[in-house]
Amino acid sequence: MEITPLSEQEIQQLRTETEGTAQKIHFNNAGASLPPDVVVETVVNYLHEEAINGGYETEYKYDDQLNNTYELVARLINAGKDEIALVENASTAWGIAFNGIDFKPGDEIITCEMEYVTNLIGFLNVQKTRGVTLKIIPNDDLGNFSLPALEAAISPNTKLIAMTHISSTAGGMIPIVEIGKVARKHHILYLVDACQSAGQIPVDVKEIGCDMLSVTGRKYLRAPRGTGFLFVRKEVQDKLQLLFMDGFSAPSVSLDNFRPRNDARRFELYEKNRAITLGLGKAVEYALNIGVDRIWQRVQYLANLMRQQLAAIDGITVHDFGEQQCGIVTFSVNGMDSPSVKNKLAQNHINVSVGKAISTLIYMDKNHLTSNVRASVHYYNTEAEIKVMCNTLKALHVSIV
Ligand SMILES: *Cc1c(COP(=O)(O)O)cnc(C)c1O
């Protein structure tokens, strides 16, 4: 289907609806995006109502809207409402899924070199405590994931395939749909980290064929910090052990037994921040109203433009590998360390961040990167902002040679 590009007028409108765009050139969307004003208002108003009317009373009043957040998140990733648990961040979401798996000595986990640090620590932990073996599929020479290498790594002991779709320190992408087909064919449990994907690129859990998927709110979804969610396919929910329970996750309790809820909210606990739950819902609704396919088109356009302009600057090296690239642009400046580049840009009201080696350890070590500069674009960024950043970097480089 033909995608209607975001018009100049729409982009201006969307910028008007985001206070921060008037103050800063924000290229740290892979860290935390600027939220739309409506998201901030939703959270602030809710907190105020709690203060005036009481927390329980306000929750009761907003019951439908709070429940609607599950509906919206489900729609965003083409899941069922009963397959969504709202938690405070992606690491919690991922940990609930991963640590719920019943690993036995000799089981194998297959992952990729782009895996996020939280997940890598999870693997190393079960390697140490439960005798699980970790197999890492390295990217090929062009920086692409190797499907044949994945096929070759699968054995009767493979218990889990776990993949990070988009790493936090590189512009490349892992082919999660193709990997999903392999996982399905071999009936292997499949866990996807879609932290940087949701809100940037269409994510469809049925197309991916994953059993579990974790997301954070603050990045491309433009939701408040401290939000995240976990998808667990209905058929898999009973197979995961629950790490924590309360009277909400397991509402059926007698002195000789208890039974968890019949949906993914069994992976939640009762107490949470209702204001940001509503804020998450608003942010998802905002993205759905624009259309994630249109967002993705715009993000790719801006990121490619930025890569081209950066690569044309003397002394700048762009590091993104692979056939398919996203809104994360990584580079370094000759003769200047990444934190200094970040600080210089910050002095000029340009927000970028530093990609640390620890975040994507296998990839960064392999490419001899101790850090890189990460400029991550969102749809509300503009060509003019890219030009300003590139001009600032040019002047920087001239001043250090
Ligand atoms: C940011 C990030 C996470 C962790 O998200 P939190 O919400 O901070 O727990 C996980 N995976 C990837 C790829 C990330 O970029």
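The values are calculated or read from the model by the stated rules, or taken from the named source; none is laboratory data. Please read these numbers as outputs of a predicted model, since none were measured by experiment. When we count neighbours, we look across all protein chains shown, and the Cβ atoms used for this are built from the backbone with ideal geometry, even at glycine. Accessible surface is based on the protein model in full, side chains and every heavy atom, while ligands, DNA and RNA are left aside. Shrake-Rupley method; radii C 1.70, N 1.55, O 1.52, S 1.80 Å.
Some notes on this structure:
- All told, ASN45 falls short of being outside the structural domain of ILE295 (by TED's automatic domain parsing), out of contact with any Asp or Glu (no Cβ under 6 Å at 6 or more places or on another chain), modelled with pLDDT of 95 or more and closer than 30 Å to LYS206 by Cβ.
- Residues located in segment 41-92, provided they are polar (S, T, N, Q), within 16 Å of the ligand (Cβ to nearest atom) and not in a helix (DSSP H, G or I): ASN89
- Options CYS210, CYS195: the member that is on the phi < 0 side of the Ramachandran plot, free of Cβ contacts under 8 Å to residues at least 40 places away in the same chain and within 16 Å of the ligand (Cβ to nearest atom): CYS210
- Yes/no for GLY172 being modelled with pLDDT of 95 or more and surrounded by 17 or more Cβ atoms within 10 Å (Cβ to Cβ): yes
- Members of segment 21-40 that are in contact with a strand residue (DSSP E or B) (Cβ under 7 Å, 6 or more places away or on another chain) and either within 16 Å of the ligand (Cβ to nearest atom) or assigned to a loop (DSSP other than H, G, I, E, B) (or both): LYS24, PHE27, ASN28, ASN29, ALA30, GLY31, LEU34
- Against the criterion of being outside the structural domain of ASP82 (by TED's automatic domain parsing) and within 17 Å of PRO224 (Cβ to Cβ), HIS26 qualifies.
- Any hit, segment 235-245, residues being more than 22 Å from ALA162 (Cα to Cα) and either crowded, with 20+ Cβ neighbours inside 10 Å or in contact with a helix residue (DSSP H, G or I) (Cβ under 9 Å, 6 or more places away or on another chain) (or both): yes
- Qualifying residue in segment 93-104 (condition: touching a Gly at 6+ places or on another chain (Cβ under 8 Å), away from the ligand (no atom under 16 Å from the Cβ), among the aliphatic types (A, V, I, L, M) and open to solvent by less than 10 Å² (accessible area, probe 1.4 Å)): no
- Scope segment 283-319; condition of a type in the set (Ser, Thr, Tyr), surrounded by 15 or more Cβ atoms within 10 Å (Cβ to Cβ) and closer than 20 Å to VAL373 by Cα; matching residues: TYR301
A quick yes/no check of all residues on (1) more than 30 Å from ARG233 (Cα to Cα); (2) assigned to a helix (DSSP H, G or I); (3) open to solvent by 50 Å² or more (accessible area, probe 1.4 Å); (4) modelled with pLDDT of 95 or more:
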| site | (1), (2), (3), (4) |
| --- | --- |
| ARG266 | no, yes, no, yes |
| LEU278 | no, yes, no, yes |
| PHE321 | yes, no, yes, no |
| VAL329 | yes, no, no, yes |
| SER340 | yes, yes, no, yes |
| LEU345 | yes, yes, no, yes |
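- For VAL117, the requirement of being buried (at least 23 other Cβ atoms within 10 Å of the Cβ) and within 16 Å of the ligand (Cβ to nearest atom) is not met.
- Search result, residues across segment 143-160 that are more than 16 Å from the ligand (Cβ to nearest atom) and crowded, with 18+ Cβ neighbours inside 10 Å: GLY143, LEU150, THR158, LYS159, LEU160
- Checking TYR363 against (1) within 16 Å of the ligand (Cβ to nearest atom); (2) of a type in the set (Ser, Thr, Tyr); (3) in a strand (DSSP E or B), the condition it does not meet: (3)
- Of the criteria (1) assigned to a strand (DSSP E or B); (2) more than 20 Å from ASN29 (Cβ to Cβ); (3) not acidic (Asp, Glu), which one LEU242 fails: (1)
- Any hit, segment 55-74, residues being among the hydrophobic types (A, V, I, L, M, F, W, C) and under 16 Å from the mean Cα position of the chain (by Cα): yes
- Just one of the listed residues (ASN262, ASN351) is within 21 Å of HIS26 (Cβ to Cβ) and either at pLDDT 95 or above or small (Gly, Ala, Ser) (or both), namely ASN351.
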